[in-house]
Amino acid sequence: MKIICVGDNVVDCYLDQQTYYPGGNAINVAVNCRRFGATEAAYMGIFGDDSEADHIKWVLTQEGVSYHGSRVISAASGHPQVSLTADGDRVFIGGPQDTAQHIVRIRLTGQDIAYIRGFDVCHSSCYSGIEPELASLSEATNVSFDFSTRHEPDYIDQVAPHLRYAFFSGSHLEMAELEEIVETCHSYNVEVVGITRGSEGAFFSKSGKHFMQPVKSAFNVVDTMGAGDSFIAAFLTHYVDGVPITEALDIAATKAAWTCGFFGGIGYPRPFEG
């Protein structure tokens, strides 16, 4: 399987550790697909021109992920701030709004589309400002999209017509709401719709046939950051290569649990000041 992830790159700033970790849905999925067996994984997005962006690029190189075609602008990298709750969960509490992630949206050229056409899947998300480009992407290859917690009907209607694979986070939703999301996506010919539900596992549907995947126990849970991205990456890597959906889901749950055993979405910490 060959995948390109188009979209966000940030550094997640852990305030309790005074440490940042490279992240962003597109970065996490690209790196994990490569780790989990993709024959080729690439990233395309907009980098800032600071030391944090240099660190992200270095990490991609270490992991064998190309960032050919990415842009660089004179701005800081995205710096979402992450806090530790009393229950031990990590939550985003905001960050600066004048970063590369906020001020520029990627616009794909004909050359970009020709390059993307060489991949089996292009993955992006609601964090990437990619919506105006989805029609062109869907003509070039199969598109995977992470809606996260965005399940407003108008947004699904805007995005779903261009997708082969759709992923949501729905731990707060009732089963009737999950089924409505699935039915809406399938009405736009989305082949696979997956909704992760935290401790309740994952609810998936392939062309209307439903599957439930329980969570897997992690040996040493230190951080849940990036577990959902890891699940998506493992699922895509195996399912697109022809692994039956039940087996691909089982592998995905195992990899998500593994990701909880280290800090950050993909590791690679760096200290920060302030």
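Conditions tested, residue by residue: (1) out of contact with any Leu (no Cβ under 7 Å at 6 or more places or on another chain); (2) among the aliphatic types (A, V, I, L, M); (3) in a loop (DSSP other than H, G, I, E, B).
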{"position": "74", "(1), (2), (3)": "yes, no, yes"}
{"position": "94", "(1), (2), (3)": "yes, no, yes"}
{"position": "97", "(1), (2), (3)": "yes, no, yes"}
{"position": "101", "(1), (2), (3)": "yes, no, no"}
{"position": "105", "(1), (2), (3)": "yes, no, yes"}
{"position": "108", "(1), (2), (3)": "yes, yes, yes"}
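Just one of 86, 30, 26 is more than 21 Å from residue 272 (Cβ to Cβ) and modelled with pLDDT under 95; which is it?
86
If we keep just the residues of the range 253-274 that are in contact with a helix residue (DSSP H, G or I) (Cβ under 6 Å, 6 or more places away or on another chain), of a type outside the set (Ser, Thr, Tyr) and assigned to a helix (DSSP H, G or I), which is surrounded by the fewest Cβ atoms within 10 Å (Cβ to Cβ)?
Among them, the one singled out is 255.
If residue 49 passes every condition in (1) modelled with pLDDT of 95 or more; (2) out of contact with any Lys or Arg (no Cβ under 7 Å at 6 or more places or on another chain); (3) closer than 28 Å to residue 237 by Cα but one, which one does it miss?
Result: residue 49 fails condition (3) only.
Would you be able to tell me the number of residues in the range 27-41 that are farther than 12 Å from residue 7 by Cβ and assigned to a helix (DSSP H, G or I)?
Of the residues in the range 27-41, 5 are farther than 12 Å from residue 7 by Cβ and assigned to a helix (DSSP H, G or I).
Name the residues in the range 76-92 that are under 29 Å from residue 3 (Cα atoms) and either assigned to a loop (DSSP other than H, G, I, E, B) or touching an Asp or Glu at 6+ places or on another chain (Cβ under 9 Å) (or both), would you?
76, 77, 78, 79, 80, 81, 82, 90, 92
Which ones in the range 31-48 are touching a residue at least 60 places away in the same chain (Cβ under 8 Å) and either surrounded by 24 or more Cβ atoms within 10 Å (Cβ to Cβ) or not charged (D, E, K, R) (or both)?
31, 32, 33, 36, 37, 38, 42, 44, 45, 46
Check every one of the helices (runs of 4 or more DSSP H) wholly within the range 115-221 and list those with 3 or more residues that are crowded, with 16+ Cβ neighbours inside 10 Å and either in contact (Cβ under 8 Å) with a residue 24 or more places away in the chain or not β-branched (Val, Ile, Thr) (or both).
Because the criterion is at least 3 residues that are crowded, with 16+ Cβ neighbours inside 10 Å and either in contact (Cβ under 8 Å) with a residue 24 or more places away in the chain or not β-branched (Val, Ile, Thr) (or both), the helices (runs of 4 or more DSSP H) in the range 115-221 that meet it are 134-140, 175-187.
Can you pull out the residues in the range 222-252 that are surrounded by 13 or more Cβ atoms within 10 Å (Cβ to Cβ), part of a loop (DSSP other than H, G, I, E, B) and either without any contact (Cβ under 8 Å) to a residue 60 or more places away in the chain or more than 13 Å from the chain's Cα centre (by Cα) (or both)?
223, 224, 240, 241, 243
Looking at (1) modelled with pLDDT under 95; (2) closer than 30 Å to residue 23 by Cα, which is the only condition residue 204 fails?
(1)
Can you tell me which residue in the range 42-71 is farthest from residue 120 (Cα to Cα), limited to those that are part of a helix (DSSP H, G or I) and acidic (Asp, Glu)?
Within the range 42-71, the match that is farthest from residue 120 (Cα to Cα) is 52.
The values are calculated or read from the model by the stated rules, or taken from the named source; none is laboratory data. It should be emphasised that the depicted structure is a prediction, and the values quoted were computed from it without experimental measurement. Reconstructed Cβ throughout: ideal geometry from the backbone, glycine too, with neighbour counts over all protein chains shown.
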